[in-house]
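Read the structure below first, then the notes.
The values are calculated or read from the model by the stated rules, or taken from the named source; none is laboratory data. Quick caveat: nothing in here was measured; it's all calculated off a predicted structure. A quick note on method: Cβ atoms are made from the backbone with ideal geometry, for glycine too, and the neighbour counts reach across all protein chains shown.
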Amino acid sequence: MSSPGRFIRLALVLFPLGLIITSILSFGIWWQKRQAVEARSFAHASALRREMTERVLGRYADILTEELQRPGAARLAAVASYMDSSMSPENMGFEPKRDRFFEAGQEYSNIEVELTGKQRPREVQLLLLTYGDIAHLKAEALAIAGGMSLFHSMAGERGDATLRLAAVPLGVRDENQQSALQRLAAATADRQERMVRIWVLGGVAEPVLNEVRTAFRAEQTGVVIEPLPQGQDVPMTLKQMTELKAKL
């Protein structure tokens, strides 16, 4: 007759082994389901992909020009809402991330849209759009329209590293006195990402470029900040986006 001690020793060996096997099987099932979900998501996004055209880019630019001409702070909130809805899963196949914050009771948002990398998802190239400078309104509308068109033409694509589009309002701060650019950079740091290159669209002024360099600590991190010139009209902006796409 087997002693109770023998059963206890056997149980002590088999129970942890069973937990390990169960954990491995559970992880395998979870990973397969995750891969299946990602495959469906990218298949859906690919079906919504549209090539860049002057007509589409011009339509985006016209709408954005109207939004940026709204009075007061409402124009900044309107741009974020327009990008969020236009680039949604139903329209372009993306999952926009919206970082909301408040200044003097008015809501503002940073918008981020990405094509997540397959091999190096934490290595990021960023297409940065800034808006809110009344004197730069036309250039901002064209730049945002160009960025949206570019990403729509790449929906469902996946490179080794992550490609991200971000739009941030200028001249506003949150309750902690952080600017929208500082919030964007902090979110990147919190995700432990390595920013490799930042393309700043729209021919922005040097003070804004300096804000970008400071927020992303360019001297310390080595991230390359590369400004693109202002698109004078829809055909020129389309040409710029086509050339940029070839580099990404």
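General observations
- Qualifying residue in the range 68-80 (condition: surrounded by fewer than 13 Cβ atoms within 10 Å (Cβ to Cβ), in the same structural domain as residue 154 (by TED's automatic domain parsing), closer than 30 Å to residue 232 by Cβ and modelled with pLDDT of 90 or more): yes
- Residue within the range 166-181 that is in a helix (DSSP H, G or I), farther than 21 Å from residue 65 by Cα and in contact with a helix residue (DSSP H, G or I) (Cβ under 6 Å, 6 or more places away or on another chain) present: yes
- Residue 101 being of a type in the set (Phe, Trp, Tyr), crowded, with 17+ Cβ neighbours inside 10 Å, more than 29 Å from residue 229 (Cβ to Cβ) and assigned by TED's automatic domain parsing to the domain that holds residue 198: yes
- Among the candidates 155, 161, 167, the residue that is surrounded by 24 or more Cβ atoms within 10 Å (Cβ to Cβ) and either out of contact with any Gly (no Cβ under 7 Å at 6 or more places or on another chain) or assigned by TED's automatic domain parsing to the domain that holds residue 65 (or both) is uniquely 167.
- Residue in the range 194-206 that is in contact (Cβ under 8 Å) with a residue 24 or more places away in the chain, surrounded by fewer than 20 Cβ atoms within 10 Å (Cβ to Cβ), of a type in the set (Gly, Ala, Ser) and part of a loop (DSSP other than H, G, I, E, B) present: yes
- Index of the failed condition, residue 185 passing every other in (1) part of a helix (DSSP H, G or I); (2) crowded, with 18+ Cβ neighbours inside 10 Å; (3) in contact (Cβ under 8 Å) with a residue 40 or more places away in the chain: (3)
- Residue satisfying all of: in the range 207-243; assigned to a strand (DSSP E or B) and not aliphatic (A, V, I, L, M); nearest to residue 64 (Cα to Cα) among these: 227
- Top-ranked residue in the range 219-242 [being in contact (Cβ under 8 Å) with a residue 12 or more places away in the chain and over 23 Å from residue 149 (Cα atoms); ranked as surrounded by the fewest Cβ atoms within 10 Å (Cβ to Cβ)]: 224
Conditions (1) under 17 Å from residue 148 (Cα atoms); (2) assigned by TED's automatic domain parsing to the domain that holds residue 232; (3) at pLDDT below 60; (4) not in a loop (DSSP other than H, G, I, E, B), marked per residue:
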position: 20; (1), (2), (3), (4): no, no, yes, yes
position: 28; (1), (2), (3), (4): no, no, yes, yes
position: 55; (1), (2), (3), (4): yes, yes, no, yes
position: 62; (1), (2), (3), (4): yes, yes, no, yes
position: 88; (1), (2), (3), (4): yes, yes, no, no
position: 94; (1), (2), (3), (4): yes, yes, no, no
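- Scanning the range 164-189 for residues that are basic (Lys, Arg) and under 14 Å from residue 132 (Cα atoms) yields a count of 1.
- Residues located in the range 96-123, provided they are in a loop (DSSP other than H, G, I, E, B) and more than 19 Å from residue 83 (Cβ to Cβ): 104, 105, 117, 118, 119
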